[in-house]
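Enquirer: Structure provided below as structure tokens; questions to follow.
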């Protein structure tokens, strides 16, 4: 009897943590769009490669802390891999401490061997992630009007693409779910595909070695900003040696000219990938303050 009571007590103690533990959900309940049969095997670990089955990893805050806001996270990796643990999971866990529901997307990387059109594959997964979170908002205690996206490096290109190309659905959307994110957070982002500004590896992976001018312009997201682009927060370091800080600057300028509310925070030093070396609060505190100012955290 004593052993049974101990087991019951342990179960009751663990229950709140189980309820709020992470859960991994397949992004698509049916066939994955724009996909080809492939023998590629996913390379797992902190840096993931060869994603063929995209997923959403869910982290919910404790109910007493929940604010109703949500952030969908897209790790970077030059469109050739995903810094999943360092940029994704670590950031997600930190954001839940601020009462924000978070979702880390393991999205497909552009690859002719697994996709019919590799240029749209990552964007399809981004749109699908927004759709899934919005359609499950009530179940997860989220306000569907306060679902934003956050991306790092090439993931920053993906989220800036999702924020400027949402008017055309590249996925099945029978419910006409709103694919426009409520807000955009871009962290040391690749923004442009233009020759003199882009991160060459990301461009080659997404668009190929010799893309047309039309394709380059279409995915140069500083050229795609208009008045419907969501409010945006951008952060980078001035000494970034991997992605030119002018990516952030030209994007901010485009937002300003389109009268889109935008805030940019440039740290003088830290180089590329600083979130992997800093304490999460060092870069998240200003972001959360911005979210509070704009009433996404209430």
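Read-outs: derived from the displayed coordinates by stated rules, not from any lab. As the structure is a computational prediction, the values presented were derived from the model and not from experiment. Every residue, glycine as well, gets a Cβ built from its backbone with ideal geometry; the counts of neighbours run over all protein chains shown.
Enquirer: Please compute the modelled spin-label separation between residue 49 and residue 285, points set 7 Å along Cα→Cβ, answer in nm with one decimal.
Expert: So the label points at residue 285 and residue 49 sit 3.8 nm apart.
Enquirer: Tell me, 263, 87, 172 in order of fewest to most beta-carbon neighbours within 10 Å?
Expert: Least to most surrounded, the residues fall as 172, 263, 87.
Enquirer: How large is log10 of I(q)/I(0) for the range 34-190 at q = 0.13, 0.16 Å⁻¹ when the intensity is taken from the Debye formula with one equal scatterer per alpha-carbon?
Expert: -0.55, -0.84
Enquirer: What order do you get for 122-130, 104-112, 88-96, 234-242 when each peptide is scored by the mean count of other beta carbon atoms within 10 Å, highest first?
Expert: Final packing ranking: 122-130, 104-112, 88-96, 234-242.
Enquirer: Please compute the length gained on full extension between residue 200 and residue 292, using 0.36 nm multiplied by the number of residues separating them and subtracting their Cα-Cα distance.
Expert: 29.5 nm
Enquirer: So how much slack lies between residue 39 and residue 276, counting 0.36 nm per residue of separation and subtracting their Cα-Cα distance, in nm?
Expert: That works out to 82.1 nm of additional length.
Enquirer: Out of all DSSP beta bridges with both ends in the chain, state the antiparallel percent to the nearest 5.
Expert: 35 percent
Enquirer: Still on this model: Before rounding to the nearest 500, sum -39500 (n - 2.57) across all DSSP H runs of length at least 4 in the chain and divide by the residue total; then give [θ] at 222 nm in deg cm²/dmol.
Expert: -9500 deg cm²/dmol
Enquirer: How much length would be gained if the chain were fully extended between residue 172 and residue 228, taking 0.36 nm per residue of separation minus their Cα-Cα distance, in nm to one decimal?
Expert: Using 0.36 nm per residue and subtracting the Cα-Cα distance, I get 17.9 nm.
Enquirer: Taking the chain as a Gaussian network, where each spring joins two C-alpha atoms under 10 Å apart, which residue of 27, 223, 215 fluctuates the most?
Expert: Greatest mean-square fluctuation among the candidates belongs to 215.
Enquirer: Calculate the length of the line joining the C-alpha centroid of the range 114-142 to that of the range 23-64, in whole Å.
Expert: Here the two parts' Cα centres lie 11 Å apart.
Enquirer: State the Cα centre-to-centre distance between the range 213-241 and the range 82-112 in whole Å.
Expert: Centre-to-centre distance over Cα atoms comes out at 21 Å.
Enquirer: Sorted by packing (mean other beta-carbon atoms within 10 Å per residue), highest first, where do 155-165, 32-42 land?
Expert: 155-165, 32-42
Enquirer: By how many degrees, between 0 and 90 and to the nearest 10, does the Cα long axis of helix 246-257 differ from the longest principal axis of the chain?
Expert: Once rounded, one gets 90 degrees.
Enquirer: Could you work out how far apart the two model spin labels at residue 259 and residue 215 are, taking each label as a point 7 Å from the Cα in the direction of the beta carbon, and quote it in nm?
Expert: Spacing of the two 7 Å Cα→Cβ label points: 3.6 nm.
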